[in-house]
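Only the coordinates and a few stated rules stand behind these numbers; no lab work does. Everything numeric in this text was worked out from a predicted model, so none of it was measured. We place every Cβ from the backbone using ideal geometry, glycine too, and count neighbours over all the protein chains shown.
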Ligand SMILES: NC(=O)c1ccc[n+]([C@@H]2O[C@H](COP(=O)([O-])OP(=O)(O)OC[C@H]3O[C@@H](n4cnc5c(N)ncnc54)[C@H](OP(=O)(O)O)[C@@H]3O)[C@@H](O)[C@H]2O)c1
């Protein structure tokens, strides 16, 4: 019997590349997305169930898991990929955007994971792969929300490894650097208020810095290989850095130490 993976956020980017890679490797794939209305490519693939899942809507999460189990009989791997980046000065960010960032990147992961755990527990096996970011280990200016959410994801994943071990399951964290996806375009939720003059140089420098970093990043297909490696890893390894840029910046972070790294970042963003 083939293994089955459920992936969130398969409309574009890494989620889509991941769904296609697992399918190509012979897995059954529950490819979930907020809106399935215009999907044609994934629906045409063998052993792929395309179904609706909005990570902020627990009923849709439950329904997608049930539909997947109904079609394939089991779920072996959950890839919590859905996520986006809210950036900008905190003072300029509306409450609704603050809450949405954590609702998608953190609470969504918790409810989707919670929905598969009874099944993993019954099977005595299962792997949760959480797509974090280098931004779950280091921060960029104006990223209190995004980095706060990804640091939370790292913390909850680290803690979950113990209780998942108690039921024979595993959790893995994948930490991509930049990826050439919609992340820096339609998925970037940047708040600003030009009246807050003190922040405007930092806003300009941050926007100028983030764009090239994304453009120089890895293709999502390459990072999907790391998701696959994490999903099929049978050791206790928790973290998987993904992409040459991720390895390089995390090594620099370790070498510089906390304050050393922060002062390099400040210099890079013209903060003295
Ligand atoms: N690109 C990067 O540089 C980078 C680097 C490190 C980590 N990451 C992480 O990689 C993951 C995938 O991002 P990506 O780069 O592939 O960007 P992307 O192409 O913008 O994909 C984001 C996906 O998340 C989905 N999504 C957003 N809100 C959702 C919700 N409430 N429920 C379900 N799905 C939702 C989007 O669906 P819709 O089409 O419905 O909006 C889309 O499928 C994210 O967790 C991101 O934080 C990205």
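Filter the stretch 86-97 down to the residues that are surrounded by fewer than 23 Cβ atoms within 10 Å (Cβ to Cβ) and touching a helix residue (DSSP H, G or I) at 6+ places or on another chain (Cβ under 6 Å) and list them by number. Before the answer, list the steps.
Pass one, the stretch 86-97, residues surrounded by fewer than 23 Cβ atoms within 10 Å (Cβ to Cβ): 89-97.
89, 90, listed by residue number.
Looking at the stretch 1-38 only, could you name the residues that are more than 19 Å from residue 120 (Cβ to Cβ), in a loop (DSSP other than H, G, I, E, B) and within 21 Å of the chain's Cα centre (by Cα)?
Selection gives 9, 10, 11, 12, 34, 35, 36.
So is residue 80 surrounded by 15 or more Cβ atoms within 10 Å (Cβ to Cβ), under 20 Å from residue 191 (Cβ atoms), within 12 Å of the ligand (Cβ to nearest atom) and in contact (Cβ under 8 Å) with a residue 24 or more places away in the chain or not?
no
Within the stretch 56-72, can one find any residue that is crowded, with 23+ Cβ neighbours inside 10 Å, more than 9 Å from the ligand (Cβ to nearest atom) and touching a residue at least 60 places away in the same chain (Cβ under 8 Å)?
Looking for residues that are crowded, with 23+ Cβ neighbours inside 10 Å, more than 9 Å from the ligand (Cβ to nearest atom) and touching a residue at least 60 places away in the same chain (Cβ under 8 Å), one finds at least one in the stretch 56-72, hence yes.
Out of 127, 181, report the one residue that is crowded, with 18+ Cβ neighbours inside 10 Å and more than 12 Å from the ligand (Cβ to nearest atom). Walk me through it before giving the result.
Numbers: 181 fails: more than 12 Å from the ligand (Cβ to nearest atom).
That would be 127, the only listed residue that is crowded, with 18+ Cβ neighbours inside 10 Å and more than 12 Å from the ligand (Cβ to nearest atom).
If residue 170 satisfies every condition in (1) within 16 Å of the ligand (Cβ to nearest atom); (2) more than 17 Å from residue 143 (Cβ to Cβ); (3) touching a residue at least 24 places away in the same chain (Cβ under 8 Å); (4) surrounded by 13 or more Cβ atoms within 10 Å (Cβ to Cβ) but one, which is the exception?
With respect to (1) within 16 Å of the ligand (Cβ to nearest atom); (2) more than 17 Å from residue 143 (Cβ to Cβ); (3) touching a residue at least 24 places away in the same chain (Cβ under 8 Å); (4) surrounded by 13 or more Cβ atoms within 10 Å (Cβ to Cβ), residue 170 is out only on (1).
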